[in-house]
Amino acid sequence: MPEQLEFFIITSPCRGVCQSDDRGFCRGCLRSRQERFDWITMNDGQKREVLRLCHQRYLRLLRAGKSTPAEPAGPEQPSLF
């Protein structure tokens, strides 16, 4: 199947919280170590699949009643004032 032309890049889901949980997934973005390392070389279809897996991991955490991914310490964009 040919890939659909993308008009916008798929940005990394990294949230700046780079710590692994006991299963090896990042506490911030829920990607595996290999998914984090390979992100830059993945095509858009592969990136969408990783994002889908991260969403499934997030829902599994919610159902298990465990804490959700950690929030970054500061705001995403620094204040201009």
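Inside region 41-55, residues that are more than 13 Å from Pro13 (Cβ to Cβ) and of a type outside the set (Ser, Thr, Tyr) make up a count of 4.
In region 37-46, how many are among the charged types (D, E, K, R) and at pLDDT 95 or above?
Result for region 37-46: 1.
Evaluating Ala70 against the criteria (1) at pLDDT below 90; (2) loosely packed, with under 10 Cβ neighbours inside 10 Å; (3) at negative phi leaves one unmet condition, (2). Of the residues making up region 33-43, one or more are among the basic types (Lys, Arg), buried (at least 17 other Cβ atoms within 10 Å of the Cβ) and in contact with a strand residue (DSSP E or B) (Cβ under 8 Å, 6 or more places away or on another chain). Only one entry of Arg60, Arg52 meets the criterion of being at pLDDT 95 or above and among the charged types (D, E, K, R), and that entry is Arg52.
The values are calculated or read from the model by the stated rules, or taken from the named source; none is laboratory data. Computed from a predicted model, the values in this text were never measured in an experiment. Because the Cβ atoms are built from the backbone with ideal geometry, glycine has one as well, and the counts that use them run over all protein chains shown.
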